[in-house]
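Working notes, structure below.
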Amino acid sequence: MSVSEHVSTVISSCAKSIYALRTLRSHGMNNEALHVIYTSVIIAKLLYAASAWWGFTTATDRQRLEALIKRGIHSGLCGADVSSLTELVDSADDALFQRILYNPNQLLHSIPVPVRGRACSAP
């Protein structure tokens, strides 16, 4: 199973947004505003549902995605303090897991967890 087609679609969409950001910069938008927009649009597109598809990416896919962030940093559209995409995805996964783990109203809390050596019984 591969998500290369999805990765290509995301990269294409981000490239269009980067073009729009460069246009905004050429019309005088300051770097701080560009950084905020880059984070809000490009990083958000890269992280959208990444928990579901990131594990299926190949090393080549990940390099292509990481290149978008590096290109943003080198072109000045993104601050140099932005983490790598791998770190951002890991952080998003951790945050999701913590929300599930510590939310007593989460649906998954009603599913019994089997104890080693014992069968799981329904509540």
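Can you tell me which residues in segment 22-35 are over 15 Å from residue 73 (Cβ atoms) and surrounded by 11 or more Cβ atoms within 10 Å (Cβ to Cβ)?
Correct list: 24, 29, 33.
Looking only at segment 69-80, how many residues end up being surrounded by fewer than 20 Cβ atoms within 10 Å (Cβ to Cβ) and either over 20 Å from residue 24 (Cβ atoms) or not basic (Lys, Arg) (or both)?
Counting residues in segment 69-80 that are surrounded by fewer than 20 Cβ atoms within 10 Å (Cβ to Cβ) and either over 20 Å from residue 24 (Cβ atoms) or not basic (Lys, Arg) (or both) gives 7.
Just to be sure I understand, how many residues within segment 16-31 are in contact (Cβ under 8 Å) with a residue 12 or more places away in the chain and either assigned to a loop (DSSP other than H, G, I, E, B) or within 18 Å of residue 82 (Cβ to Cβ) (or both)?
Matching residues across segment 16-31 total 6.
For segment 32-123, which fully contained helices (runs of 4 or more DSSP H) count at least 1 residues that are within 16 Å of residue 17 (Cβ to Cβ)? Write out each step before concluding.
Details: elements: 44-47, 50-53, 59-74, 85-101.
Because the criterion is at least 1 residues that are within 16 Å of residue 17 (Cβ to Cβ), the helices (runs of 4 or more DSSP H) in segment 32-123 that meet it are 44-47, 59-74, 85-101.
Can you run down the residue pairs with Cβ atoms below 7 Å, 6 or more apart or on separate chains, where the first is in segment 44-70 and over 14 Å from residue 84 (Cβ atoms) and the partner is charged (D, E, K, R) and part of a helix (DSSP H, G or I)?
Every condition considered, the pairs that remain are 51/93.
Among the listed residues 95, 59, identify the single one that is of a type outside the set (D, E, K, R) and within 23 Å of residue 15 (Cα to Cα).
Working: 95 fails: within 23 Å of residue 15 (Cα to Cα).
Only one candidate passes the filter, namely 59.
Please go through segment 37-62 and pick out each residue that is exposed (fewer than 12 other Cβ atoms within 10 Å of the Cβ) and not small (Gly, Ala, Ser).
Listed by number, the list holds a single entry, 60.
Working only within segment 92-103, note down all residues that are touching a helix residue (DSSP H, G or I) at 6+ places or on another chain (Cβ under 9 Å), under 15 Å from residue 47 (Cα atoms) and exposed (fewer than 14 other Cβ atoms within 10 Å of the Cβ).
96
Quick note: the coordinates plus some simple rules give every number you see, no bench work behind them. Please read all numbers here as calculations on a predicted model, not as lab measurements. Quick reminder, even Gly has a Cβ in these numbers, built from the backbone with ideal geometry, and neighbours come from all protein chains shown.
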